[in-house]
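Comments concern the structure below.
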Amino acid sequence: MLDTFFVKVLKQPLHLIALVVDKCGVKANWITVIGFVIGMLALPALYFGNASLALVFVLINRAMDGLDGAVARITAPSDFGGYLDITLDFIFYSAVVFGFALMNPDANALAASFLIFSFMGTGSSFLAFAIMAEKRRIERLDYGKKSLYFLGGLTEGAETIAFLVLICLYPLHFSIFAYIFGLMCWVTTATRLYAGYRTLK
């Protein structure tokens with residue numbers, strides 16, 4: 001829902017940083033993989049009950065996720081780069097939620113399971129439409145130059161980042177936040193299915 005706004009706000013700062021990174025010879029896919037590895041450190045941090053440290057790893061991961069695309073756009077964007085980016089993003093999001101289940105299985109496991117279940121709806125509606133959009137040569141420029149066309153919704157990247165930050169700041173309330181965000185994900189899935197029907201029928 002808020003991605004279009006943040007893409008416009010962050011485009012220029014990320015571009016300037018990307019120019020410096022590119023001059024150092026750092027490739028976009030390197031940033032993607034390194035950011036993913038750093039982000040996955042949130043999993044052991046949460047297992048050991050350190051949500052503050054997990055938040056640091058989450059923020060670094062998200063910053064590098066924005067930077068890899070900026071570097072790719074000034075060098076040579078590739079289909080593999082887009083594929084790698086979205087695949088690792090989905091794994092990372094689920095890993096953080098799983099980390100909260102590990103932190104406190106009795107209190108968090110059911111809510112974490114529901115949220116990961118909800119991610120299946122947003123993820124499948126996102127990727128399935130991208131396949132059909134590519135087949136039909138549908139393009140949309142609201143998000144700038146992207147590897148995949150995707151439908152928007154109530155829970156996009158910005159909202160997901162806000163949710164991850166929130167649960168790291170208030171880990172004792174994880175279940176409440178997870179159920180609320182999970183329901184928002186299902187609203188997103190429903191609206192995407194409807195939009196897909198209207199577009200592809």
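Values as computed for the structure displayed
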{"quantity": "Residue match in region 146-161 (condition: modelled with pLDDT of 95 or more and under 30 Å from Phe48 (Cβ atoms))", "calculated": "no"}
{"quantity": "Filter result (more than 24 Å from Ala51 (Cα to Cα) and touching an Asp or Glu at 6+ places or on another chain (Cβ under 9 Å)) within region 85-107", "calculated": "Asp85"}
{"quantity": "Count of residues meeting criterion [over 25 Å from Phe126 (Cα atoms) and touching a residue at least 40 places away in the same chain (Cβ under 8 Å)] in region 161-173", "calculated": "3"}
{"quantity": "Test for Gly99: is it small (Gly, Ala, Ser) and under 15 Å from the mean Cα position of the chain (by Cα)", "calculated": "no"}
{"quantity": "Elements of type helices (runs of 4 or more DSSP H) in region 1-75, at least 1 residues being surrounded by 14 or more Cβ atoms within 10 Å (Cβ to Cβ) and at pLDDT 90 or above", "calculated": "28-40, 42-47, 51-74"}
{"quantity": "Test: residue in region 81-88 that is surrounded by fewer than 16 Cβ atoms within 10 Å (Cβ to Cβ) and over 16 Å from the mean Cα position of the chain (by Cα)", "calculated": "no"}
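The values are calculated or read from the model by the stated rules, or taken from the named source; none is laboratory data. In this text the structure is predicted, and so the values were computed from the model without any measurement. Positions of Cβ are backbone-derived with ideal geometry, glycine not excepted, and every protein chain shown enters the neighbour counts.
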